[in-house]
1. Taking interchain pairs and intrachain pairs at least six residues apart, which have beta carbon atoms under 7 angstrom, with the first residue in the stretch 105-118 and under 15 Å from R80 (Cα atoms) and free of Cβ contacts under 8 Å to residues at least 40 places away in the same chain and the second hydrophobic (A, V, I, L, M, F, W, C) and buried (at least 19 other Cβ atoms within 10 Å of the Cβ)?
2. Does S59 satisfy being more than 16 Å from A108 (Cβ to Cβ), open to solvent by 20 Å² or more (accessible area, probe 1.4 Å) and among the polar types (S, T, N, Q)?
3. Name the residue, out of E73, E45, that is under 18 Å from the mean Cα position of the chain (by Cα), over 17 Å from L147 (Cβ atoms), acidic (D, E) and at pLDDT 80 or above.
4. Sort through R99, R72, R80, R93 and tell me the only one that's buried (at least 16 other Cβ atoms within 10 Å of the Cβ) and basic (K, R).
5. Quick one: A140 ticks every box in (1) under 18 Å from the mean Cα position of the chain (by Cα); (2) open to solvent by 40 Å² or more (accessible area, probe 1.4 Å); (3) of a type in the set (A, V, I, L, M); (4) under 18 Å from S30 (Cβ atoms) bar one, so which box is it?
6. Which members of the stretch 44-56 meet the condition of being open to solvent by 40 Å² or more (accessible area, probe 1.4 Å) and closer than 27 Å to S138 by Cβ?
7. Could you please find all residues in the stretch 116-137 being touching a helix residue (DSSP H, G or I) at 6+ places or on another chain (Cβ under 6 Å), at pLDDT below 75 and open to solvent by less than 90 Å² (accessible area, probe 1.4 Å)?
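The values are calculated or read from the model by the stated rules, or taken from the named source; none is laboratory data. Just so it is clear, the structure is predicted and the values come from calculations on it, not from any experiment. No Cβ is skipped: glycine too gets one built from the backbone with ideal geometry, and neighbour counts run over all protein chains shown. These area figures cover heavy atoms from the full protein model, side chains too; ligands, DNA and RNA do not enter into them. Shrake-Rupley method; radii C 1.70, N 1.55, O 1.52, S 1.80 Å.
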Amino acid sequence: TGKVELLVAVLRERTPGFAQLSRALGNADSDLTAGLTAIATAAIEFYTVSFPMLASIFSDPSILTAHTAGLREVGAGPHRVNEAVVDYLRHQRERGAIRPDADLYAAAALLIGACFQHAFLGHMNWSDRRPDPAAARSFATLTAASLS
């Protein structure tokens, strides 16, 4: 148990923060496409940097259990990203930038899921996809168009 607790503590300390993503989400009064671009860019960067640590967490069920318990203790977890994006989109809908009947939960899941996959494929070297602002902008533009 001591070994697992030590590894979980190291992983938590070294996991990159969501500072850039938080800034993007906090700017809900920005243009929708610009905001989604900032969110996508930050999410891709976060997932790209996080994958090696995530692999360590998932490599052992006891480490994953301990890490998940620690996240729950502080009210954190991967689902919080989607919730924050839904809040951002809800604010954009209230501003009239997104159509009233848009499914905000699906849109958030599509955006964050695509960013996660983009980062994953970059690590797997199965494609030439690398984290870059142009790819995030392109994806954000398509997402924004489907919501407006």
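1. These pairs meet every condition: A108/V85; A108/L89.
2. Against the criterion (more than 16 Å from A108 (Cβ to Cβ), open to solvent by 20 Å² or more (accessible area, probe 1.4 Å) and among the polar types (S, T, N, Q)), S59 qualifies.
3. Exactly one residue qualifies, and that residue is E45.
4. R93
5. Checking A140 against (1) under 18 Å from the mean Cα position of the chain (by Cα); (2) open to solvent by 40 Å² or more (accessible area, probe 1.4 Å); (3) of a type in the set (A, V, I, L, M); (4) under 18 Å from S30 (Cβ atoms), the one that fails is (2).
6. Listed by number, the residues that qualify are E45, V49, P52, L54.
7. Of everything in the stretch 116-137, those that are touching a helix residue (DSSP H, G or I) at 6+ places or on another chain (Cβ under 6 Å), at pLDDT below 75 and open to solvent by less than 90 Å² (accessible area, probe 1.4 Å) turn out to be S127, P131, P133, A136.
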